[in-house]
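The values are calculated or read from the model by the stated rules, or taken from the named source; none is laboratory data. All values derive from a computational prediction rather than experimental measurement. Methodologically, a virtual Cβ is constructed for each residue, glycine included, from the backbone with ideal geometry; neighbour enumeration extends over all protein chains shown. Note: accessible area is taken over every heavy atom of the protein model, side chains too, but ligands, DNA and RNA are not part of it. Shrake-Rupley method; radii C 1.70, N 1.55, O 1.52, S 1.80 Å.
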Amino acid sequence: DAGVIQSPRHEVTEMGQEVTLRCKPISGHNSLFWYRQTMMRGLELLIYFNNNVPIDDSGMPEDRFSAKMPNASFSTLKIQPSEPRDSAVYFCASSLGQSRVPYEQYFGPGTRLTVT
Amino acid sequence: SQQGEEDPQALSIQEGENATMNCSYKTSINNLQWYRQNSGRGLVHLILIRSNEREKHSGRLRVTLDTSKKSSSLLITASRAADTASYFCAHFYNQGGKLIFGQGTELSVKP
């Protein structure tokens, strides 16, 4: 199994530009999570999907952030327009289970985003 | 905040010594999980302990859970330089699917 796949691994962009991060979860997993990790705030859950439906997006910082999961094998996290404070490592994770059946999460390698 | 707390924030030991990390949480839980993160990598699940369990072992890992104190500990025995990483505890928020991570303990094992 290839594990959770994220692309790109590194992204450097200028303030104001649109950024799209991509994630392919492990085949057969029905829950997908987007996290952001910074030194100051640690690991924060931004949004999670169950069976392609967004369940909790309370962690999405503001309207500049949006996430979609058009099918079970693909999700995107978009930031538009990007700002320097968005610089962080963004992780995608997937798990097998429904919202009330807890399972371990499998993390991708992350996308390191730098906004200048 | 529902975020758990971990201590110590950083721990430095010599190879062969045992490393103990502690985690406290605020809500009732069904289970608690521990994850490891090597520098520049994603988190990797290590072990899950259910609320009706008091202790669980996996190789050199030993996890304890005290639900009355809302705390857990992770013990790594006979540590190796390759154990150098950050370790996070995590629990589900309000019985749902939202996993809450602690701030982590940064472990450094010196050869």
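Taking a probe of 1.4 angstrom, what is the accessible area of B:D66 in Å², to the nearest 10?
Rounded to the nearest 10, the figure is 50 Å².
How many Cβ atoms of partner chains, on average, are near each residue of A:43-55 if near means within 10 Å of its Cβ? Each step should come with its number before you reach the end.
Numbers: counts 13, 3, 6, 0, 0, 4, 1, 1, 0, 0, 0, 0, 3.
The shielding value for this peptide is 2.
Compute the relative contact order of chain A as a whole-number percentage, counting only Cα pairs closer than 8 Å that sit 6 or more residues apart in sequence. Walk me through the numbers on the way to the answer.
On the way: 292 pairs, mean separation 42.8, N = 116.
The normalised contact order for chain A reaches 37 percent.
Alpha carbons only, please: Rg and Dmax for the protein assembly as shown, in angstrom.
Both quantities, over Cα of the protein assembly as shown: 17.6, 51 Å.
Excluding residues fewer than 8 places away in the same chain, name every one of the aspartates and glutamates whose C-alpha is closer than 16 Å to that of A:K24.
A:D1
Report A:C23's accessible area, 1.4 Å probe, all protein chains in place, as a number in Å² to the nearest 10.
Rounded to the nearest 10, the figure is 0 Å².
Taking Cα pairs under 8 Å and at least six residues apart, what relative contact order does chain B come out at, in percent? List each step's numbers first, then the result.
Values: 283 pairs, mean separation 42.0, N = 111.
Here the relative contact order equals 38 percent.
From zero up to wherever the largest Cα-Cα distance of region A:67-116 sits, split into 5 Å bins and tell me the percent of pairs in each.
In whole percents, the pair-distance histogram is 5, 16, 20, 23, 17, 11, 7, 1, 0.
When all alpha-carbon pairs of chain A are counted, what percent fall beyond 24 Å?
Values: 1255 of 6670 pairs.
Everything past 24 Å amounts to 19 percent.
How large is the dipole of the protein assembly as shown about the Cα centre if only Lys and Arg carry +1 and Asp and Glu carry -1, each at its Cβ, rounded to the nearest 20 debye? Walk me through the numbers before you get to the answer.
Details: 24 positive and 22 negative charges, 87 e Å.
That gives a dipole near 420 debye.
May I ask for the percentage of alpha-carbon pairs in region A:1-64 that lie more than 14 Å from each other?
Numbers: 1382 of 2016 pairs.
In whole percent, the share of Cα-Cα pairs in region A:1-64 beyond 14 Å is 69.
Within region A:8-116, which GluC sites (Glu not before Pro) sit in a loop by DSSP and count at most 14 neighbouring Cβ atoms inside 10 Å?
Values: sites: A:E11, A:E14, A:E18, A:E44, A:E62, A:E104; in loops: A:E14, A:E18, A:E62, A:E104.
Passing both the DSSP loop test and the Cβ count: A:E14, A:E18, A:E62.
How would you classify region B:51-99 from its alpha-carbon gyration tensor, with a ≥ b ≥ c the square roots of the eigenvalues: rounded for a/c under 1.5, else prolate if a/b is greater than b/c, otherwise oblate? Could the numbers behind the result be given before it?
Details: a/c = 2.70, a/b = 1.59, b/c = 1.70.
Oblate, since a/c reaches 1.5 and b/c is not below a/b.
Give me the distance between the Cα centres of region A:40-116 and region B:29-75, rounded to whole Å.
Cα centres, region A:40-116 to region B:29-75: 23 Å.
Which stretch or stretches of region B:50-76 have amide N atoms under 15 Å from the point lying 7 Å from B:S28's Cα along the Cα→Cβ direction?
What the label zone holds, given the 15 Å backbone N cut-off, is B:51-52, B:67-70.
Longest exposed-loop-site-free stretch of chain A, with trypsin sites (Lys or Arg not before Pro), DSSP loop and at most 13 other Cβ within 10 Å? Working shown, then result.
Details: sites that count: A:R9, A:R41, A:R100.
Between exposed loop sites, the widest span is A:42-99.
Ratio of Rg to Rh for chain B, alpha carbon only, Kirkwood? Each step should come with its number before you reach the end.
Values: Rg = 13.3 Å, Rh = 13.9 Å.
Here Rg/Rh amounts to 0.96.
Let me know the charge dipole size of chain A about its Cα centre in debye, to the nearest 20, where only the beta-carbon of Lys, Arg (+1) and Asp, Glu (-1) is charged.
Numbers: 11 positive and 12 negative charges, 40 e Å.
That gives a dipole near 200 debye.
By a straight-distance test (C-alpha under 14 Å), which aspartates and glutamates pair with B:K56 as possible cross-link partners, with residues fewer than eight away in the same chain excluded?
Result set, ordered by chain and number: B:D66.
What accessible area per residue, rounded to a whole number of Å², is obtained for the protein assembly as shown using a probe radius of 1.4 Å? Walk me through the numbers on the way to the answer.
Values: 11150 Å² over 227 residues.
Normalised by residue count, the accessible surface of the protein assembly as shown is 49 Å².
Probe radius 1.4 Å, ligands and nucleic acids ignored: give me the carbon and sulfur share of the accessible area of the protein assembly as shown as a rounded percent.
On the way: 5190 of 11150 Å².
Using a 1.4 Å probe with all protein chains present, the protein assembly as shown comes out at 47 percent carbon and sulfur.
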